[in-house]
Amino acid sequence: MLKSPPILCLKGKGVVMSFQQVTLFPPLKGVFVDLAKVPDPVFAEKMVGDGFAIDPLDNILHSPIDGKIKSIHRAKHAITIESNLGFDILIHVGLETVSLGGEGFRIKVKEGDIVKTGDVLSEFDIAYISERVIALITPVLVTDIEEKQLSIEILPHETIVDLNKPIMIVNCGQVTTINHAESSQSSLESDLISVPNTHGIHARPAAQLNAIARKYPNNEIVMLKGEQSGNVKSVVSLLSLSVQYQDQIKILVKGEGAQAIIDELKAALLEMHDDESENPNANPTSGEEDGKVENGKYHGVVASTGMAVAKLVQQTGVQFKYDRFAADSESELNKLESITKSLIVELETEIKALTEFDVAHKNILSAHLMILTDPELTANAKNLIMRGQSAPFAWDKATDESCKALAATGNALLIERQSDLLDVRDRVLTGLCGSENKVIQEYTENVILVAEDYTPSQVIALSDKVKGLVSVRGGVTSHVSILARTRGIPLLVGVAKEVLQENSKMVVLDTLNTAILNSCPSEQELAVANQAVSKREEELRVAQESSSLAATTSDGVQINCLANIGNINEAKIAAGNGAEGVGLFRTEFMFLESKEAPSEEMQFKEYSEINHTLGGKSFVIRTLDAGGDKKIPYITQVHEENPMLGVRGVRLCLANRELFKTQLRAILRTKAENIKVMIPMISKLSEYRAVKQIFEELKTELNITTNIQLGIMVEVPSVAFMSEAFAKEVDFMSIGTNDLTQYVMAVDREHTELAKEVDHLHPAVLSAIAATARGAHKHDTSLSVCGLMASEKLAIPVLIGLGIKNLSMTVSAIPENKAFIRTLNFVKCKEIAYHCLSLPTAIEVREYLKNQFN
């Protein structure tokens, strides 16, 4: 463990750098997650700070540095440590865990305590928390980088990080001086440089050096390692050198400005210094996940949940039919050049089309673009063509040689790049050979695939016969894992490499209850697993297949199941899951995920694209719902003692009218009658009337004659109990049960001790919903529920019984909830609902409902 931060002085020809460094260790054992891939824009967009995240595999939180406990959040989920050099580290266990109010957490320190690296900070209940929040992914952030002029560097690491291996360096007070004479030599070679990076030049540093080299198209830039050389403008060539820790290398530059280029590359190399204080001479560790194997049972890490019983088959990938030789080399060269140029344009277009929120997908495509434009790879293919080979054979062969070169390094960090190479290979070969000559592995029976790793495109192209995936490499937050979860395919990663020797045998893959691939199950184990799989598959199949059907109760009452969404991708999934429309589009993400307010054009495009996806179905857009617990960086807000009762929702919008008008204009310009505008946090009629006036003025200004409805959210008790008065004026109402519950119960959802009392099935909350329904029905005003309550199966019969016929829920819950509604009887639901109103506590309501429906 680190005892004191080192003070380094790195000297090169004309370059002197001095700085203090602090090394951080992982606070948890778990799967490393790039901050950009965290499914919460507050962290992914680095609004709080910069660093990394971990998906926990253990429930004990340790201090990553020496320092002092600066603060502990009252909900116990977040701890801030002040380092010995004065900067702050925030550890935030899970996403949206503040809503648990401290339940499931046990703090082991107090504010002001002095801690050492590795000291236990807290313990938490993984099972309890994971069932109640979006994810247990834990961001670890330096929160005052800009203020203290710090910089960070993530160290090379395995997929599953260990507590005893450094994960990040924080550089403090860095000073760089460059003072060299411009060389007039046309060719210049640097002095020997000892590579300081603990894991040598792997993918990330290679990409950094490559980016510098490509700025100088007229220069030849080569890295020399003994008798070997690698083109710095080619990531593949650079990686193939397999430059390791403390290897002696030189940089050779030909052309004008050679000295400046050498100095720039040398400085970049020195800045890549990794400090492993435990063992500075350690060899780079393997990136392979050597999971346990016990009696034929392979243990791994769950990347996508599910269960499957099928034949285990080795993944062979995509193959193409083509001739090896070609008579006209010039024609073949033209074909290759034409295809690569069109694919470059295609990739660039795809990258530009992605929003700033699609960071993971953008990184994948950017890596593919770098490979496609790799000069070494292209040159090798062209050389083969000039020797009489066909373009497809040449490209396939050149890619294969590059993969072999990476594999030969024995460095798993480099070997992982093969999946990107193979994905690009397949794109080029598809263009050269045509889809008709693309031979995809086909299966006549259900299979569980096993491979070193998978590419995203392989997962996208999987047939329905593939019931499970197993891989030696891979991570739970990779693009492959995300795609597997989207498709509902169980995926086990980090399995021992011996699994690659298994083939053509019946196995059981269980990522639902365990994290095991059973390669030699007994007959009894097979029977039990088959029964469990059949039951679950039947439930999901029936729900999904019938998801497009109306959710009509057994006595003929139709309930509309809509979706709560935050982006266009969720809209697409909602459409496929049978949503009757969108009952809540949370527009605040557009505002929270940007350093400046989204433009009218950006908003108009977003609303229009989602509306097009929905195909004319109801689309309710909630205007900016910020303030309180959602701070917008570019909106000035004064300090409030109780922000949840302060300037939030409609109050914030009316206080920032130009921002509000921009959003309303973008919505109105869609001119779509299926679109409805919903105003959050209305508490009195005067607020609605003020919004209505602005709304009508903008319609006149834009010459909008389309009947776009204007409604409100019912989140404040004053509206619930005056619903009849509101129902006379508004076009529709939607109950936001999350806020309504905390306001009815007078309990802050974020309060450490009291948050557990916030239960939307409390009879008082049910009474507020019932009162709202009575007022709405009296004036025939459309009413829905869009809070979390609408997603909870146990609550649905109560809502239906209270007269709610529009339920807006999480996207994934739609098929099963629609199927559940079809089993209900409306008259019986009314009896159940009114009985619940007579019960004294939420606990008794839940017990009663469980007895009725379990």
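The values are calculated or read from the model by the stated rules, or taken from the named source; none is laboratory data. Worth saying up front: this structure is predicted, and the values here are computed from it rather than measured. Every residue, glycine among them, receives a Cβ derived from its backbone with ideal geometry; neighbour counts consider all protein chains shown.
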### Task
Of the numbered conditions (1) modelled with pLDDT of 90 or more; (2) surrounded by 20 or more Cβ atoms within 10 Å (Cβ to Cβ), Gly49 fails exactly one; give the number of that condition.
(1)
### Message
When you check Lys793 against the structure, is it outside any helix (DSSP H, G or I), touching an Asp or Glu at 6+ places or on another chain (Cβ under 9 Å) and among the basic types (Lys, Arg), yes or no?
### Response
yes
### Query
Can you name the number of the only condition in (1) surrounded by fewer than 16 Cβ atoms within 10 Å (Cβ to Cβ); (2) at pLDDT 95 or above that Val638 fails?
(2)
### Message
Please verify whether Gln544 is touching a residue at least 60 places away in the same chain (Cβ under 8 Å) and either among the aromatic types (Phe, Trp, Tyr) or under 13 Å from Arg822 (Cβ atoms) (or both), treating the condition exactly as stated.
### Response
no
### Query
Tell me, which helices (runs of 4 or more DSSP H) wholly within segment 655-743 include 2 or more residues that are surrounded by 18 or more Cβ atoms within 10 Å (Cβ to Cβ) and under 31 Å from the mean Cα position of the chain (by Cα)?
657-668
#### Entry: All positions within segment 844-854 that are within 19 Å of Thr741 (Cβ to Cβ) and touching a residue at least 24 places away in the same chain (Cβ under 8 Å)
Val845, Arg846, Leu849
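Here is a yes/no grid of residues against (1) in contact with a helix residue (DSSP H, G or I) (Cβ under 6 Å, 6 or more places away or on another chain); (2) more than 18 Å from Gly101 (Cα to Cα):
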| site | (1), (2) |
| --- | --- |
| Met713 | no, yes |
| Lys728 | no, yes |
| Asp731 | no, yes |
| Thr737 | yes, no |
| Val744 | yes, no |
| Ala768 | yes, yes |
### Residue pairs meeting the criteria (Cβ under 6 Å; at least 6 apart or on separate chains; first small (Gly, Ala, Ser), in segment 503-531; second loosely packed, with under 15 Cβ neighbours inside 10 Å)
Ser519/Gly296
### Query
Does segment 327-347 contain at least one residue that is touching a Pro at 6+ places or on another chain (Cβ under 7 Å), at pLDDT 75 or above and over 30 Å from Leu540 (Cβ atoms)?
no
### Query
Within segment 550-564, is there a residue that is surrounded by 14 or more Cβ atoms within 10 Å (Cβ to Cβ), of a type in the set (Gly, Ala, Ser), out of contact with any helix residue (DSSP H, G or I) (no Cβ under 9 Å at 6 or more places or on another chain) and in contact (Cβ under 8 Å) with a residue 40 or more places away in the chain?
no
### Task
Read through the list (1) surrounded by 19 or more Cβ atoms within 10 Å (Cβ to Cβ); (2) in contact (Cβ under 8 Å) with a residue 60 or more places away in the chain; (3) over 13 Å from Leu141 (Cα atoms), then give the number of the only condition that Ser83 fails.
(3)
### Residues (in contact with a Lys or Arg (Cβ under 7 Å, 6 or more places away or on another chain) and under 25 Å from Asn171 (Cα atoms)) located in segment 121-145
Leu121
#### Entry: Condition met for Asn231 (on the phi < 0 side of the Ramachandran plot, within 31 Å of the chain's Cα centre (by Cα) and polar (S, T, N, Q))
no
### Task
Select, from Glu498, Glu502, the only residue that is at pLDDT 75 or above and either surrounded by fewer than 18 Cβ atoms within 10 Å (Cβ to Cβ) or touching a Cys at 6+ places or on another chain (Cβ under 7 Å) (or both).
Glu498
### Message
Checking the conditions here, which among Ile54, Ile65, Ile69 is at pLDDT 90 or above, of a type in the set (Val, Ile, Thr) and in a loop (DSSP other than H, G, I, E, B)?
### Response
Ile65
### Query
Here are some conditions: (1) assigned to a helix (DSSP H, G or I); (2) touching a Pro at 6+ places or on another chain (Cβ under 7 Å); (3) at pLDDT 75 or above; (4) not assigned by TED's automatic domain parsing to the domain that holds Ser331. Gly468 meets all but one. Which one does it not meet?
(1)
### Task
Give me the pairs, please: first residue somewhere in segment 600-611 and in the same structural domain as Leu702 (by TED's automatic domain parsing), second residue anywhere and part of a helix (DSSP H, G or I) and among the charged types (D, E, K, R), beta-carbon distance under 7 Å, and either six or more positions apart or on two chains.
Glu600/Arg665
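Just name the residue that is farthest from the chain's Cα centre (by Cα) out of those in segment 23-46 that are part of a strand (DSSP E or B) and buried (at least 22 other Cβ atoms within 10 Å of the Cβ).
By that ranking, first place goes to Thr23.
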## Note on the structure
Taking segment 807-843 and the residues there that are surrounded by fewer than 21 Cβ atoms within 10 Å (Cβ to Cβ) and among the charged types (D, E, K, R), the one that is nearest to Phe853 (Cα to Cα) would be Lys828
### Task
Take Gly101 and decide whether it is over 20 Å from Val38 (Cα atoms) and within 25 Å of the chain's Cα centre (by Cα).
yes
### Query
Within segment 380-390, is even one residue over 30 Å from the mean Cα position of the chain (by Cα), at pLDDT 85 or above, among the hydroxyl-bearing types (Ser, Thr, Tyr) and surrounded by 14 or more Cβ atoms within 10 Å (Cβ to Cβ)?
yes
### Query
How do the helices (runs of 4 or more DSSP H) wholly within segment 484-593 filter down when requiring 1 or more residues that are of a type in the set (Lys, Arg): which remain?
523-545, 568-576
### Query
Hey, Val507 hits all of (1) among the aliphatic types (A, V, I, L, M); (2) surrounded by 14 or more Cβ atoms within 10 Å (Cβ to Cβ); (3) closer than 30 Å to Phe820 by Cα; (4) outside the structural domain of Arg586 (by TED's automatic domain parsing) but one; which does it fall short on?
(3)
## Note on the structure
Expected single match for among the hydrophobic types (A, V, I, L, M, F, W, C) and modelled with pLDDT of 95 or more among Leu754, Leu794, Leu807 is Leu807
### Message
Yes or no: segment 767-785 includes at least one residue that is surrounded by 18 or more Cβ atoms within 10 Å (Cβ to Cβ), closer than 26 Å to Ala78 by Cβ and not hydrophobic (A, V, I, L, M, F, W, C).
### Response
no
### Task
Consider Val133 carefully, then state whether it is under 30 Å from Thr737 (Cβ atoms) and either more than 24 Å from the chain's Cα centre (by Cα) or touching a residue at least 24 places away in the same chain (Cβ under 8 Å) (or both).
yes
